[in-house]
Amino acid sequence: CAALRSGGGGNDVHWCFSQVKGAIDDDVAEADIISTVEFNHSGELLATGDKGGRVVIFQQETENKSQSQWRSEYNVYSTFQSHEPEFDYLKSLEIEEKINKIRWLPQKNAAQFLLSTNDKTIKLWKISERDKRPEGYNLKEEDGRYRDAATITTLRVPVFRPMDLMVEASPRRVFANAHTYHINSISVNSDNETYLSADDLRINLWHLEITDRSFNIVDIKPANMEELTEVITAAEFHPHQCNTFVYSSSKGTIRLCDMRASALCDKHSKLFEEPEDPSNRSFFSEIISSISDVKFSHNGRYMMTRDYLSVKIWDLNMENRPVETYQVHEYLRSKLCSLYENDCIFDKFECCWNGNDSVVMTGSYNNFFRMLDRSQRRDVTLEASRESCKPRQVLKPRRVCAGGKRKKDEISVDSLDFNKKILHTAWHPQENIIAVATTNNLYIFQEKVN
């Protein structure tokens with residue numbers, strides 16, 4: 001069964017099915033395709049965004065003490081329309097409503113706040129609960145009609161009465177008109193007051209309270225666009241140092257910048273780049289070296305990057321090569337030609353760390369996802385599928401046969417379904433609970449506790 005050590009006690013983690021959300025139909029509505037998945041800082045809430053501009057938030061049910069060996073389930077907490085399709089009349093461009101990223105803000109009071117963005121506009125949403133309503137007004141009836149003042153002879157004190165729980169999502173800030181190109185990343189700073197947003201050529205720094213201006217902190221746009229050689233693919237703030245952020249490029253480099261050095265961070269402090277292996281050089285080298293995601297470890301010592309075929313872990317103190325490299329689906333190297341023809345080679349896979357940075361996870365094709373154990377240097381391939389949807393069913397590892405004679409439990413490379421892909425995954429910050437998005441379904445798996 002699917003076993004991986006998960007830090008600390010050295011116990012193997014057996015992953016089993018917990019829940020699946022979304023329609024079972026084979027014909028998928030474009031609007032229902034999940035485009036981002038994100039746990040909040042406690043892991044109690046899990047948000048997904050989709051191509052239809054909706055955000056769905058799931059809440060972890062409080063644990064039932066009699067079933068302590070099985071963790072609680074996630075149920076729908078709130079659903080709201082975050083973005084609508086727009087039209088830029090100046091450029092005659094449609095702006096789609098698809099949610100590119102969601103980022104939670106650390107909780108400060110009873111309400112929760114999150115940032116969501118489409119290609120052009122970032123919104124700050126407040127998600128709050130209401131379970132009481134005021135009754136007994138003097139000047140109006142319970143249905144809201146105003147009373148005739150002449151008929152009021154006594155004063156009464158309005159009271160709060162309990163009502164069914166209502167979860168309200170309200171947009172508190174709209175950060176618009178600051179990006180010429182499509183936004184690919186947002187990242188909240190550890191000062192909890194500012195955040196960055198990155199598009200193909202620029203990175204902007206915002207204050208969460210100020211919507212009418214932002215500071216441009218990186219601009220790689222050349223004076224002549226014909227000289228353009230690379231674009232920004234992802235950006236993230238350091239989890240503890242509020243002056244430090246990184247951004248990755250389509251050329252496979254990562255630049256670390258220090259905002260104390262200058263207002264415009266076009267000169268990086270560090271450049272992380274691995275020299276190319278000449279034996280692997282091909283027509284596709286530049287495309288597959290493009291970084292699709294970059295994530296700092298929780299402790300802030302490492303960062304992880306994902307390119308088309310691999311995951312790399314970098315020590316922030318060593319720029320010339322990664323300290324760990326994991327092949328995600330090396331068996332696809334011989335298939336790059338057909339993946340180029342069907343455009344899959346441009347798919348942007350994300351990656352995530354577990355709570356103590358000992359295991360990393362990323363997606364692949366055929367609804368496979370990979371768990372890479374850093375301390376054991378072990379890895380396992382698991383599958384999110386309707387076939388293994390019995391409650392608490394342990395996931396069996398999958399193996400792909402790259403060539404030669406195929407063993408009984410192996411899957412041939414030629415039979416992989418490239419339309420089924422896992423681009424977005426998330427790991428609960430404290431527990432072994434993972435969320436994996438297939439096209440329009442959200443699978444939740446958790447550790448089997450004996």
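The values are calculated or read from the model by the stated rules, or taken from the named source; none is laboratory data. As the structure is a prediction and not an experimental result, all values here were calculated from the model. Positions of Cβ are backbone-derived with ideal geometry, glycine not excepted, and every protein chain shown enters the neighbour counts. Heads up: the accessible areas ignore ligands, DNA and RNA and are worked out on the full protein's heavy atoms, side chains in. Shrake-Rupley method; radii C 1.70, N 1.55, O 1.52, S 1.80 Å.
Remarks
- Cβ pairs under 6 Å, 6+ apart, first in the stretch 429-443 and open to solvent by 10 Å² or more (accessible area, probe 1.4 Å), second of a type outside the set (A, V, I, L, M, F, W, C) and not in a loop (DSSP other than H, G, I, E, B): ASN432/GLU447; ASN440/ASP32
- For SER262, the requirement of being of a type in the set (S, T, N, Q), more than 22 Å from THR325 (Cβ to Cβ) and open to solvent by less than 70 Å² (accessible area, probe 1.4 Å) is met.
- Residue in the stretch 228-239 that is at pLDDT 95 or above, open to solvent by less than 30 Å² (accessible area, probe 1.4 Å) and assigned to a loop (DSSP other than H, G, I, E, B) present: yes
- Taking the criterion of being under 46 Å from the mean Cα position of the chain (by Cα) and either of a type in the set (S, T, N, Q) or within 26 Å of TYR195 (Cα to Cα) (or both), the residues of the stretch 124-143 that qualify are LEU124, TRP125, LYS126, ILE127, SER128, GLU129.
- Counting only strands (runs of 3 or more DSSP E) that sit wholly inside the stretch 96-194, those with at least 3 residues that are open to solvent by 70 Å² or more (accessible area, probe 1.4 Å) and over 30 Å from GLY52 (Cβ atoms) are 159-175.
- For the stretch 372-402, a residue qualifies if it is assigned to a loop (DSSP other than H, G, I, E, B) and out of contact with any Phe, Trp or Tyr (no Cβ under 8 Å at 6 or more places or on another chain), and the qualifying residues are ARG374, SER375, GLN376, ARG377, SER385, LYS396, PRO397.
- GLU319 vs. criteria out of contact with any helix residue (DSSP H, G or I) (no Cβ under 8 Å at 6 or more places or on another chain), among the charged types (D, E, K, R) and either surrounded by fewer than 15 Cβ atoms within 10 Å (Cβ to Cβ) or closer than 30 Å to ASN299 by Cβ (or both): yes
- Among the residues making up the stretch 407-428, those that are more than 26 Å from ASP357 (Cα to Cα) and either open to solvent by less than 20 Å² (accessible area, probe 1.4 Å) or in contact (Cβ under 8 Å) with a residue 40 or more places away in the chain (or both) are ILE411, VAL413, LEU416, ASP417, PHE418, LYS420.
- For the stretch 153-160, the count of residues that are hydroxyl-bearing (Ser, Thr, Tyr) and under 25 Å from VAL37 (Cα atoms) is zero.
- Scanning the stretch 35-44 for residues that are open to solvent by 30 Å² or more (accessible area, probe 1.4 Å) and polar (S, T, N, Q) yields one hit, SER42.
- Number of the condition not met by ALA47 [criteria: (1) of a type in the set (Gly, Ala, Ser); (2) at pLDDT 95 or above; (3) surrounded by fewer than 21 Cβ atoms within 10 Å (Cβ to Cβ)]: (3)
- Among residues of the stretch 410-450 being small (Gly, Ala, Ser) and part of a strand (DSSP E or B), the one that is nearest to the chain's Cα centre (by Cα) is ALA426.
- Residue in the stretch 288-303 that is open to solvent by 10 Å² or more (accessible area, probe 1.4 Å), assigned to a helix (DSSP H, G or I), over 19 Å from TYR247 (Cβ atoms) and not acidic (Asp, Glu) present: yes
- Some residue of the stretch 419-429 being among the β-branched types (Val, Ile, Thr), farther than 19 Å from SER297 by Cα and in contact with a helix residue (DSSP H, G or I) (Cβ under 6 Å, 6 or more places away or on another chain): no
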